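The values are calculated or read from the model by the stated rules, or taken from the named source; none is laboratory data. The structure presented is a predicted model; accordingly, all values stated were derived computationally and were not measured. Neighbour counts run over all protein chains shown; Cβ positions are idealised from the backbone, glycine included. Surface accessibility is based on the protein's heavy atoms, side chains included, excluding ligands, DNA and RNA. Shrake-Rupley method; radii C 1.70, N 1.55, O 1.52, S 1.80 Å.
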Amino acid sequence: ISAQSKNGESDAVNLLIKKEGVMITTYDSVMTAGNKSTLTVISAQKSQGTPIIITSSNPNVVSVSNYTLNALSEGVVMIAVTMGNYSDSCKIRVQLPTITGLKLNTTWVGLYVGESTQLVASLTPSILNGKEKIVWENNNPSAVTVDANGLVRAIGEGIAEITAKAGQRIIEQMPNND
């Protein structure tokens, strides 16, 4: 089926027509982790009471409860619908949401030479925690070191600012004003 406006703009839709069986109305869909979607299934079966069974090829990526798809983590799954001898399937790709914020577990730390502290960065939305890389930077390596996990060690006197980055942008800075 296609449609065209008076000014020449057009759009089209492909139709799948079956004589009998079961159909999923969504194909090759994209979901964002943390979101839910309702799966629409059409049945041409005349017999009432035949159960419709919906399964996910990887419930850790997309879980299924009744007709609700719950996107849990990044990946690609096949959703299969079975009704008696009939079946249909669709591919769902789950992507991670965009980072909207990052918060450090502290805004100020005072250390003596030889001491250390662990900085923790929490991302928003929280589903990104542990899935997005945090990059730690230090503006004064003669005063402190910071490793890839946010562990800060005081190695000399001075003031340092530790910056946490995620997703190509600076999110928050933590000055050390001792």
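Would you check if S29 is open to solvent by less than 60 Å² (accessible area, probe 1.4 Å), within 27 Å of N70 (Cα to Cα) and either among the aromatic types (F, W, Y) or modelled with pLDDT under 80 (or both)? Before you say what the answer is, go through the steps one by one.
Working: open to solvent by less than 60 Å² (accessible area, probe 1.4 Å): yes; within 27 Å of N70 (Cα to Cα): yes; either among the aromatic types (F, W, Y) or modelled with pLDDT under 80 (or both): no.
Criteria not met by S29.
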Exactly one of T117, T106 is out of contact with any Phe, Trp or Tyr (no Cβ under 7 Å at 6 or more places or on another chain), of a type in the set (S, T, N, Q), open to solvent by less than 50 Å² (accessible area, probe 1.4 Å) and at pLDDT 95 or above, and that one is T117
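How many residues does segment 128-143 contain that are modelled with pLDDT under 90 and open to solvent by 40 Å² or more (accessible area, probe 1.4 Å)? Let's see the steps before the verdict.
First, pick out the residues of segment 128-143 that are modelled with pLDDT under 90: 128-133.
In the following step, the residues that additionally are open to solvent by 40 Å² or more (accessible area, probe 1.4 Å) were identified as 129-133.
Here the count works out to 5.
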Might you let me know whether segment 75-86 holds any residue that is under 16 Å from V22 (Cβ atoms), among the hydroxyl-bearing types (S, T, Y) and in contact (Cβ under 8 Å) with a residue 24 or more places away in the chain? yes
Of (1) farther than 30 Å from M23 by Cβ; (2) modelled with pLDDT under 95, A154 satisfies all except one. Which? (2)
In this structure, does I170 turn out to be modelled with pLDDT of 95 or more and open to solvent by 80 Å² or more (accessible area, probe 1.4 Å)? no
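Give the number of residues within segment 83-138 that are under 28 Å from A154 (Cα atoms), among the aliphatic types (A, V, I, L, M) and assigned to a loop (DSSP other than H, G, I, E, B). Spell out how you get there, then give the answer.
Kept after step one, since they are under 28 Å from A154 (Cα atoms), are these residues of segment 83-138: 101-123, 129-130, 132-138.
Narrowing the set further to residues that are among the aliphatic types (A, V, I, L, M) leaves 102, 104, 109, 111, 113, 119-121, 123, 134-135.
If we keep only those that are assigned to a loop (DSSP other than H, G, I, E, B) as well, we get 109, 111, 113, 119-120, 134.
Number of matching residues: 6.
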Starting from segment 128-145, keep only residues that are more than 22 Å from P97 (Cα to Cα), then list their pairs with residues that are hydroxyl-bearing (S, T, Y) and in a strand (DSSP E or B) whose Cβ atoms are within a distance under 6 Å, requiring at least 6 positions of separation or different chains. E137/T163
